[in-house]
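The numbers here are math on the coordinates, done by the rules we state, and not lab data. Every value quoted in this text rests on a predicted model; they were computed, and no experiment measured them. Here the Cβ positions follow ideal geometry from the backbone for every residue, glycine too, while neighbour counts run over all protein chains shown.
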Amino acid sequence: MANYVDIESVSSGMENKVRQDLKFRTGKFVWRVKFNVPLDPKTVNNVNLYVTSANQSPLLTEIRYDTLNNTIEIEPLEAYAQHESYILNITTDVKSKGGQNLKAPVRLQFKID
């Protein structure tokens, strides 16, 4: 299968948890982030989860939380530009329903081929 997203770097310890399974080339794909515990929905927002360009300019995104599957979806409101690098950021301000913060921030740099 072709890789349409080039994962350029990822936070230490997260390398084996990131996979790319796009079936076709698109600039408006949705990131899906699976958590192993239910999250506090109030902490699932554009402040705690966001995408920036490589020069740190924020991109407009829509954040959705699927409570049944403990999955967050991060969808760009405008297409990613081809051959540009972007960074998906998940801060430690994301909390479980029990109030525990994410242990470490997640930073994933990617480029659309």
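For Lys42 and Gln56, calculate 0.36 nm times their separation in residues minus their Cα-Cα distance, and state this gained length in nm to one decimal. Could you put the intermediate results ahead of the total?
Values: separation 14, 0.36 × 14 = 5.04 nm, distance 2.45 nm.
Additional length available on full extension: 2.6 nm.
Report the paramagnetic label zone for Lys34: residues of the range 50-79 whose backbone N is under 12 Å from a point 7 Å from Cα along the Cα-to-Cβ axis.
Residues 69-72 fall inside that zone.
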